[in-house]
Structure formats: structure tokens, C-alpha cells
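The values are calculated or read from the model by the stated rules, or taken from the named source; none is laboratory data. Every value quoted in this text rests on a predicted model; they were computed, and no experiment measured them. Note that each Cβ is placed from the backbone with ideal geometry, even for glycine, and that neighbours are counted across all protein chains shown.
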2 protein chains.
Amino acid sequence: MSWGTELWDQFDNLEKHTQWGIDILEKYIKFVKERTEIELSYAKQLRNLSKKYQPKKNSKEEEEYKYTACKAFLSTLNEMNDYAGQHEVISENMTSQITVDLMRYVQELKQERKSNFHDGRKAQQHIETCWKQLESSKRRFERDCKEADRAQQYFEKMDADINVTKADVEKARQQAQLRHQMAEDSKAEYSSILQRFNQEQWEYYHTHIPNIFQKIQEMEERRIVRIGESMKTYAEVDRQVIPIIGKCLDGIVKAAESIDQKNDSQLVVEAYKSGFEPPGDIEFEDYTQPMKRTVSENSLSSAKEGKPELKFGGKSRGKLWPFIKKNKKARENS
Amino acid sequence: MSWGTELWDQFDNLEKHTQWGIDILEKYIKFVKERTEIELSYAKQLRNLSKKYQPKKNSKEEEEYKYTACKAFLSTLNEMNDYAGQHEVISENMTSQITVDLMRYVQELKQERKSNFHDGRKAQQHIETCWKQLESSKRRFERDCKEADRAQQYFEKMDADINVTKADVEKARQQAQLRHQMAEDSKAEYSSILQRFNQEQWEYYHTHIPNIFQKIQEMEERRIVRIGESMKTYAEVDRQVIPIIGKCLDGIVKAAESIDQKNDSQLVVEAYKSGFEPPGDIEFEDYTQPMKRTVSENSLSSAKEGKPELKFGGKSRGKLWPFIKKNKKARENS
């Protein structure tokens, strides 16, 4: 199964077919390029997502990231950023390992194809020239035969005519002989050129064209092998990032598992604990004994001295809560 | 470490902190939603890429997909379509397993938080009412003591005044006794209300508030556990598609490996082979023997009979190639 022998007369179709092969390759390059753009756009969107939800620097928000749940979210964001990075790696590796190489290769291929078809056309032009030469020598032989025939007939006519001088007969005989000789020479030349042409034509169909078409077939087969290799690389470049993406997902799971609700509750205590004890019992103010009055008034007013954070929510907001008393004797008197 | 005891006076801050917790949860839901949108957009781009490079139906292009290299490219496109589908699966599963659930949960959480702070405010209002009652009974007791004091002083003044009738003294004594009794009654009421208030206050700080704050703490801890579970799901949903994406990549590699350049070369032969033999030698046309002329002219003209596809490329395009002769006797005469 060789193009050189099987497709000896399909010069035009092979030219079209190999151009189609180059088109297919360029289409594949374009496809991979568009894939790399999609990967970059995907990575950019993921990076933007990660960036958008990062806590603002030096803000109250950043301070909130002491809680394990917030830390886990921050880890998720950071892992998503690395995840995005892996899609950039897909894009970069597809560019460096496929498109850059194939673009160089397609240039070499175009050059090689051009050179092969140039050789083919040169061989074709050569055989055309040989054929024209053969045609021309054949026509000369045919013409010379006619001339010799005519000269022979003229000589025979003169020779049979009793009214003609011997000198004229002799002249016609010589002329016929000359024409005969010329036809013989043309025949020899035509014969020689024909032999050479048949030799050239044999070589053309059985050596030159098969050799050139063989090269074209090999070129095509290399193109096919090459596109197959690129397709494998295309999948492998994608597959290479899977373990690293797996690690990003591990990181998210690990962060999620390190969430500790008890720890976060403790952090809330540390953030908001006032340190005060709940107020103890209110003492009895005995107005029947005026000397006690001052004491009890002091103990009542102590509720208003230096107690921070004693506001209650809702309607009471901004109003000091009056029951608070830093009183170690709570319930002693009850 | 319980918010009920440690943060008994941090009603406002807990209200703020739990609101922040809900904000964090809603922020996470928004984050996951945006991720699902990115996945959908990525999948759409990949699907469009796959569609764009599919051969046009019923076109010459479709016919070209008999070649193994083209088949492999078509497999790549189809696998990319499945690959895209897996990113849609990520999006769908994140929606169904995270955002839909969390959105329902956040509504429940808001309701639960509202109910807890409602209970807190109710307990707070109750103790405020008790305190006002206590203040009022204390003021009444104070006023009644003053009245009793004044009545006692008046009685003593009347009693010491020799110009006053016994009846007036008796009236003042009875009045002083009455006032004294009223002060005693007020004292008993004040004392009873104080005792009840101290009881209520104790329960408020040591039972009601701790119970409510405990519920709030548990609510917060459940929120934290829930967000952690969602973060794990987030990673797992992504991880679940990896084996299937791996299979898509296997499919691309398998298609690339099934590329067979020799098979494709054979298909080119089948597509373009004319079935004709290369022309044999051109016969000698002997014009010296007129009877042979007819034969040789026939053999020459046969080159122009019913030979398709004999055009050569380049400048010769459209010109019949004249050397072709379906001649089994090739080189017999040479």
C-alpha cells in the first residue's frame, strides 16, 4: 500500500489532501489555543472570587478571622486560589507543550510539502519537454517520409516519361535518393528519441513519482503521528494537575475539620467578658432608723458607679441597667 | 466555659455577634453561589468549544471523519463535552447540597435567634417591672416613715403643750398610732416585695439568662458545625467528579492511541485510486510503411479516450496529461 504506486496519477488530489492535512493541524492548534483561553478565564474568575471574599486588611473583619470557622473559610479561599493556579498551569503547559511546538511544526510541514510538490512539478515538466521533443521528431519523420515518397513518385514519373532528358531523370533520381536518406536519418533520430522518451517515462512513473509520493505519504503519516502525540499531551497536561487539585481539596477538608465550635465559643467569651459578677441581693433600706438611711442610699447609688457594658438591647438600649452591684455578699441577707 | 455565666451582662454584644454569625453564613452561601456560576460559565465555554469544532452535518467535512486522526479529534471534542458536563455536576451538586440547604437553614437560624433574644428581652422586661415595683414600695415606705415621724413629733409636741385639750392630745396620739401602723404595713410590704425581687433577680441572673444564653451558644455552635460540614461538602462535590474527568482524559488518550497513520494512508488510496495502470511505452510509428500508419495513429489517439483525473497541478491544471495509456504490454516493445 504505497501512494507512489497506487496513486501515481493523483498528483492534484494529493496536493489537495495534504493541504487539508495542514488545515486539520491548524484547526487543532486553534482548538488548543481556545482551550487555553478558557482555562485562563476560568482561573481568573476563581482568583477574583477568592480575592473578593478575603478579609479587608487592617479592618474589624480581619480581626474576626481569629475564629476557626473564619479561618477555615480563609483556607478555602486560599486553596481556591491555588486551584485557580492549577488551571493556569494547564493553560501554560498546553501552550508550551502543544501550540508552540505544533505552530513551529506546521511551518516545517508547509515547507516540506511545498518542496515535495515542487519536485513533482519539475519531474512533470521534464517529461512534458521530452514528449514535445518526441512529437516534434515524429512529425519531422512523417514530413520527410512524405517528401521522400513524393520525390520517389516524381522520379518514377520522370523515369517512365520518354520525353524527358536523362539528365532530368538523373536529377530526379538523386533528389529521390537524397529525400530517402533524409527520411532514413529522421527515422533514426525519431527512433532514438522515442527510445529515450520511453526510458524517461518509465523512470518517471516507476521511480521519480513513486519516490516523491512516498515522501509525501511519509510526511502525512508523520503529521498524523504528531497530532496523535499532541492529543495525548493535551489529556496528560490536564491529568497532571489532578493530584495538586486533590491537595487543594484536602486543604479545604482539613480546614473544615479544624473548625472547633467550642474554641470559637471560648473566643467569644474572651472578646466580650466584662469580668463583673452578677449583682447580688438588694439590701433592705430601713427608713424607720434614720442612721441606716445613709448606708443604704450609698449601697443603692453604687449601682451607678463605673460599670461598663451594662446596656441591654432593644428598647433599653443606652439606658444603664440598674440592678448591677459588685456584691460578694449576694443572698447573704435573703 | 458557658456564655450563660461568663457573658451574663453581654446581651447587646451577643446580639451583635450572632447577627455577625448569620452574616458570615450568608456570605458563605453567596460565595458558593458565585462558585456555581463560575462552574456553569466554564462548562458553557467548554461545551461551546466542543460544538464549534464538531464537523458540519452532511458536509464534506463529516465525510473526512473516517480518518483515524479526525476520529480521535472528534473523540476529544466529545470527551470535552462530558468534561464540561462534570463541571455542571459540580455546580448542580453545590447548589442542591450546599446553597439550597444553607438558605433554608439560615432562615431557621434567624427565627431561632429572634426567638431567643425575644425570650431574653421578655425576662429583662419582667425584672425591670419587678424593680419598678420595688422602687415604688420603697418610696411609699420612706414616705410613710416620714409621715409617722411627723405625726409622732406632733403628738409629742401636743402632749407637752399644757394649753391643749386632752381630746386634741388623744386625737394626735391616735393619728401618730395610725401613721405608725401604716409605716409598719408599708415596711412589711416593702420587705416582702424586696424578698420577692431578690428571688426574681437571682433567678434572672442564675437561671433565665444562663438558660437563654446557653441556647444562643448552642445555636452558634450548631451554625459553626454546619458551616464546617458545608465546607467539607464543597470540597467533596468537587472531588467526586475527578474520577469521571479522569475517564474523559482516558478517552482522549485512548482515541489518540487509536490513531493509525497506515490505516489513514490506505483510506487515502481508497478515496483517490483511479484503478488505471501507468502508461506503457509509446510505440514506434513507421511512416515509411503506410499500412501501419492507421494502427499507430489509433494507439496514439487512445491516450485521449475516457481517462478521468489525469490533470496535473500548477500550470498544467485543466490540461489532459497525454502520456496515459491503459497498456498491459508496457515495455514489451522497448
query = Are any residues in the range B:116-164 touching a helix residue (DSSP H, G or I) at 6+ places or on another chain (Cβ under 9 Å) and among the hydroxyl-bearing types (S, T, Y), and if so, which ones?
reply = B:S136, B:S137, B:Y154
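Sort through B:D168, B:D149, B:D144 and tell me the only one that's at pLDDT 90 or above, away from chain A (no Cβ under 11 Å) and on the phi < 0 side of the Ramachandran plot. Spell out how you get there, then give the answer.
Details: B:D149 fails: away from chain A (no Cβ under 11 Å); B:D144 fails: away from chain A (no Cβ under 11 Å).
After ruling out the rest, the residue left standing is B:D168.
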key: Of residues in the range A:32-59 being surrounded by fewer than 18 Cβ atoms within 10 Å (Cβ to Cβ) and acidic (D, E), the one nearest to B:Y53 (Cα to Cα)   = A:E34
key: Qualifying positions in the range A:9-31 - in contact with a Pro (Cβ under 9 Å, 6 or more places away or on another chain) and either modelled with pLDDT of 95 or more or surrounded by fewer than 16 Cβ atoms within 10 Å (Cβ to Cβ) (or both)   = none
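Working only within the range B:52-70, note down all residues that are touching a helix residue (DSSP H, G or I) at 6+ places or on another chain (Cβ under 7 Å) and within 21 Å of B:N263 (Cα to Cα).
Of all residues in the range B:52-70, those touching a helix residue (DSSP H, G or I) at 6+ places or on another chain (Cβ under 7 Å) come to B:53-56, B:64-70.
Answer for the range B:52-70, where residues must be touching a helix residue (DSSP H, G or I) at 6+ places or on another chain (Cβ under 7 Å) and within 21 Å of B:N263 (Cα to Cα): B:P55, B:E64, B:Y65, B:K66, B:Y67, B:T68, B:A69, B:C70.
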query = What number of residues in the range B:267-284 are buried (at least 19 other Cβ atoms within 10 Å of the Cβ) and in a loop (DSSP other than H, G, I, E, B)?
reply = 6
request  = Residue by residue through the range B:217-248, note down the ones that are more than 10 Å from chain A (Cβ to nearest Cβ) and farther than 16 Å from A:P243 by Cα.
outcome  = B:M219
query = Looking at (1) surrounded by fewer than 19 Cβ atoms within 10 Å (Cβ to Cβ); (2) under 39 Å from the mean Cα position of the chain (by Cα); (3) of a type in the set (D, E, K, R), can you tell me which one A:R223 breaks?
reply = (1)
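Scan the range A:1-31 residue by residue and report those that are acidic (D, E), free of Cβ contacts under 8 Å to residues at least 40 places away in the same chain and more than 30 Å from B:K51 (Cβ to Cβ). Give the derivation first.
So the first thing to find is which residues in the range A:1-31 are acidic (D, E), and the list is A:6, A:9, A:12, A:15, A:23, A:26.
If we keep only those that are free of Cβ contacts under 8 Å to residues at least 40 places away in the same chain as well, we get A:6, A:9, A:12, A:23.
If the condition is that a residue be acidic (D, E), free of Cβ contacts under 8 Å to residues at least 40 places away in the same chain and more than 30 Å from B:K51 (Cβ to Cβ), then A:E6, A:D9, A:D12 are the ones that fit.
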Subset tally (residues that are within 13 Å of chain A (Cβ to nearest Cβ) and among the small types (G, A, S)) for the range B:99-134 = 2
request  = Would you mind listing the helices (runs of 4 or more DSSP H) fully within the range A:2-83 where at least 2 residues are of a type in the set (S, T, Y), at the interface with another protein chain (Cβ under 10 Å from one of its Cβ atoms) and over 30 Å from B:E229 (Cβ atoms)?
outcome  = A:11-52
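I'd like to check something: does the range B:85-98 contain any residue that is within 11 Å of chain A (Cβ to nearest Cβ), touching a residue at least 60 places away in the same chain (Cβ under 8 Å) and out of contact with any Pro (no Cβ under 6 Å at 6 or more places or on another chain)? Let's see the steps before the verdict.
Initially, the range B:85-98 is screened for residues within 11 Å of chain A (Cβ to nearest Cβ), giving B:87.
Next cut, touching a residue at least 60 places away in the same chain (Cβ under 8 Å) only: B:87.
Of the ones still in play, those that are also out of contact with any Pro (no Cβ under 6 Å at 6 or more places or on another chain) are B:87.
Yes: the range B:85-98 contains one or more residues that are within 11 Å of chain A (Cβ to nearest Cβ), touching a residue at least 60 places away in the same chain (Cβ under 8 Å) and out of contact with any Pro (no Cβ under 6 Å at 6 or more places or on another chain).
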ask   = Looking at the range B:105-118, is at least one residue under 22 Å from the mean Cα position of the chain (by Cα), charged (D, E, K, R), over 30 Å from A:E220 (Cα atoms) and crowded, with 20+ Cβ neighbours inside 10 Å?
value = no
inquiry  = I'd like to check something: does the range A:254-265 contain any residue that is surrounded by 18 or more Cβ atoms within 10 Å (Cβ to Cβ), more than 7 Å from chain B (Cβ to nearest Cβ), closer than 30 Å to B:Q266 by Cα and not polar (S, T, N, Q)?
reply    = no
ask   = Which of the residues spanning the range A:267-290 are touching a residue at least 40 places away in the same chain (Cβ under 8 Å) and over 27 Å from A:S50 (Cα atoms)?
value = A:F276, A:E277, A:P278, A:P279, A:G280, A:D281, A:I282, A:E283, A:F284
remark   = (1) modelled with pLDDT of 50 or more; (2) over 30 Å from A:A72 (Cβ atoms) all hold for B:Q240 apart from (2)
